[in-house]
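Some notes on the structure that comes next.
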Amino acid sequence: MPLALGAGMSTAASAGPQQDPVSTAGSGATAAPLVVPKPVSMQTDPGQSFTVRGSTRIVVQPGAQAATDVGAFLAETLRRSTGFALPVATRSSGATGNSISLQLSGPDTLGAEGYRLDATHSGVQLSAPTAAGLFHGVQTLLQLLPPRVESTTVQPGPWTVPGVHIVDYPRFGWRGAMLDVSRHFFTVKEVKHYIDEIAMYKINVLHLHLSDDQGWRIAIKSWPRLATYGGSTEVGGGQGGYYTQAQYKDIVAYAAKHFITTVPEIDTPGHTNAALASYAKLNCNGTAPPLYTGTDVGFSSLCVKKDITYKFLDDVIGQLAALTPGSYVHIGGDESHSTPLSDYIRFIDRLQPIVHAHGKNMMGWNEIAQADVQPGPATLAQNWSLVNDSHPIYDALATAAVNKGVKLVMSPANKAYLDMQYNPQSLYGLHWAGYVSVQDSYHWDPATIFTGVKESDIKGVEAPLWSETLTNIHEIEYMAFPRLPGIAEIGWSSSQGRSWSEYRVRLAAQGPRWDVMGMNYYHAPEVPWADFSTVQKAR
Ligand code: TNX
């Protein structure tokens with residue numbers, strides 16, 4: 001008899017940290033596998049389990065290239081830690097039992113990213129209408145295996161998947177992570193590393209904040225000084241850096257392999273000192289300011305009245321659009337404190353047609369709702385207003401956007417900003433929006449923040465990571481983990497029955513995976529990590 005662990009999955013919490021967090025098979029234990037984000041429904045079947053072994057195959061339908069690619073991704077990951085051959089075979093080769101099967105099932109109720117996963121004695125059956133769904137199912141499967149599966153060197157088995165039946169699909173189609181590569185520059189390798197880590201939690205958008213006062217990070221062919229001069233420093237005066245278009249393409253392709261769409265942001269009309277310093281003609285007074293390495297905001301503005309400004313933007317957005325397979329280009333629009341409001345509105349009104357002329361839709365921070373932006377998918381507003389837990393506030397910009405028929409991506413600064421310090425002792429980060437503990441960052445719901453904004457007005461959620469205080473991937477990891485998986489869960493899982501005490505146990509089960517990966521995560525005291533490391537050591 002399968003043990004039903006539907007929406008609430010309450011036995012996961014009651015399983016308690018003293019039990020083996022994942023691999024229950026063979027031990028007779030019935031603890032539910034601890035998966036983040038929480039699947040829509042999961043039944044465990046203690047009578048069943050499947051052990052991946054040397055003779056196991058990964059099986060796909062003949063001719064299904066997208067499924068084969070996901071199968072190859074799974075094989076690559078499993079080969080590193082298991083040392084098994086794990087050939088990716090087509091079904092016509094006769095492989096049946098003792099296999100992990102990845103099947104494209106054709107359209108059904110699971111939507112664009114959902115999947116079904118069944119693990120029994122004879123193998124693992126993963127099916128989904130899309131390759132993205134298969135990829136998300138693979139992420140779940142990896143969480144069903146012991147944490148040492150994340151190792152890059154061969155580890156001892158057994159590699160047992162508990163008997164489960166999972167049906168899963170996301171609440172929102174946009175589950176983003178933003179990385180500010182402007183305040184400090186991060187290498188292609190570091191960005192790819194972050195992609196690996198966010199993909200584990202079914203994040204499907206990587207928003208790259210490519211320009212700000214302190215640095216311009218993408219080469220633009222007709223405006224070479226943007227990168228070579230505007231990208232030559234960073235906060236604190238370090239050497240900065242920029243991506244060539246080939247490197248940027250490489251990031252976009254790597255993200256796509258992880259079913260993550262890259263959204264490029266060029267922040268305008270404010271946050272533009274690096275561009276203004278690179279080209280005197282972009283300034284109203286024709287004089288280039290010096291490069292800037294501080295952390296103030298709101299002091300720079302493109303020259304709204306000059307035509308060259310729009311020629312510049314047309315070139316930049318045209319080249320970015322050509323590098324972007326996704327449908328959105330982010331034009332920033334935040335904190336333009338030195339642009340008079342009438343100019344700001346004029347500017348955004350002139351910019352949106354430029355974005356459209358290059359075949360993309362326009363995304364911007366919620367201030368863009370002050371302009372005459374277009375309804376429908378043509379515009380997306382990213383809301384960064386704070387959540388007030390006890391008194392939901394009525395935010396004029398969010399409501400203005402929704403009243404214009406514009407959908408919102410929710411990034412409330414005192415919940416979803418990963419650069420906020422956890423507490424006054426935090427080594428890195430800022431606290432202008434408050435200290436944000438792991439529990440705080442999990443305790444909100446996008447559909448109940450504003451009285452005027454309902455579920456259907458919301459495109460999804462996004463966790464921004466601003467980098468004024470962050471200089472390398474280790475510091476990125478420290479701020480993003482363990483909060484990012486909670487934001488990912490808010491974007492993926494139903495809010496029904498959501499409880500911190502249940503979630504913290506599933507979150508703690510991620511710790512041993514991150515330990516194996518060598519990640520520098522914050523060991524937040526409110527998460528029961530220790531219990532899981534004991535389990536790990538005892539194995
Ligand atoms: C606000 S919120 C900013 C960024 C800063 C960040 C630091 C928003 C759209 N802009 O310019 O980096 O705070 O937390």
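The values are calculated or read from the model by the stated rules, or taken from the named source; none is laboratory data. Source: prediction; values computed, not measured. Here the Cβ positions follow ideal geometry from the backbone for every residue, glycine too, while neighbour counts run over all protein chains shown. Ligands, DNA and RNA are stripped out before the accessible areas are found, and what is left, the full protein with its side chains, is counted by its heavy atoms. Shrake-Rupley method; radii C 1.70, N 1.55, O 1.52, S 1.80 Å.
Relative to the Cα centre, the charge distribution of region 156-201, modelled as +1 at Lys and Arg Cβ and -1 at Asp and Glu Cβ, gives a dipole magnitude of about 100 debye. Computed from Cα positions, the angle between helix 65-82 and the longest principal axis of the chain comes to roughly 70 degrees.
Annotation: amide H of His207 within the under-5 Å range of Ala177, Met178, Leu179, Val263, sequence separation 5 or more or interchain, hydrogens built in the peptide plane. Sorting Ser278, Ser437 on solvent-accessible area from highest to lowest, probe radius 1.4 Å, gives Ser437, Ser278. Loop-located trypsin sites (Lys or Arg not before Pro) in region 355-463 (DSSP state not H, G, I, E or B) with no more than 12 neighbouring Cβ atoms inside 10 Å: Lys454. Take every DSSP beta bridge whose two residues both sit in region 69-138; close to 45 percent of them are antiparallel. Of the residues Asp307, Asp445, Asp515, ranked by 1.4 Å probe accessible area with the largest first, the sequence reads Asp307, Asp515, Asp445. Under 5 Å between amide hydrogens, built in the peptide plane, is the criterion, and for Tyr243 it picks out Ile218, Ala219 among residues at least 5 positions away or on other chains. DSSP beta bridges confined to the chain are antiparallel in about 30 percent of cases. Using the Karplus relation 6.51 cos²θ - 1.76 cosθ + 1.60 with θ = phi - 60°, the per-residue 3J(HN,Hα) values for region 520-530 come to 9, 8, 7, 7, 3, x, 7, 10, x, 4, 3 Hz, with x marking Gly and Pro. Residue by residue, region 346-354 carries 3J(HN,Hα) couplings of 4, 5, 5, 4, 7, 7, 4, x, 5 Hz when phi is fed to the Karplus relation 6.51 cos²θ - 1.76 cosθ + 1.60 (θ = phi - 60°); x denotes Gly or Pro. For region 114-159, the solvent-accessible area works out to 28 Å² per residue, with a probe of 1.4 Å and every protein chain left in place. Under 17 Å from a point 7 Å along the Cα-to-Cβ line of Arg80: which residues of region 505-525 have their amide N that close? Once the point is set 7 Å along Cα→Cβ of Arg80, 511-521 turn out to lie under 17 Å by backbone N, inside region 505-525. Round to a whole number: what % of the accessible area of the chain belongs to carbon and sulfur, probe 1.4 Å? So the carbon and sulfur contribution to the accessible surface is 55 percent. Taking every DSSP helix (H) stretch of at least 4 residues in the chain, weighting each as -39,500 (n - 2.57) and dividing the sum by the residue count yields a mean residue ellipticity at 222 nm of -9000 deg cm²/dmol. Each residue of region 114-131 was assigned a 3J(HN,Hα) from its phi angle through the Karplus curve 6.51 cos²θ - 1.76 cosθ + 1.60 (θ = phi - 60°); the sequence is x, 7, 10, 9, 10, 10, 9, 3, 7, x, 10, 10, 10, 9, 7, x, 9, 5 Hz, with glycine and proline shown as x.
In this structure the amide hydrogen of Thr120, modeled in the peptide plane, comes within under 5 Å of the amide hydrogens of Gln125, none closer than 5 places in sequence on its chain. Model label points for Asp307 and Thr153, set 7 angstrom from Cα along the Cα-to-Cβ axis, are 6.5 nm apart. Among the listed pairs Lys189/Lys249; Lys202/Lys360; Lys407/Lys454; Lys404/Lys459; Lys404/Lys454; Lys202/Lys257, those with a Cα-Cα distance over 18 Å are Lys202/Lys360.
Using the average count of surrounding beta-carbon atoms within 10 Å as a protection proxy, the listed peptides 141-148, 340-347 rank, highest first, as 141-148, 340-347. Tally the DSSP beta bridges in region 174-323 and give the antiparallel ones as a percent, rounded to 5. If we restrict to bridges inside region 174-323, about 15 percent are antiparallel. Accessible surface computed residue by residue for region 391-539, with neighbouring protein chains in place and a 1.4 Å probe, gives 35 Å² per residue.
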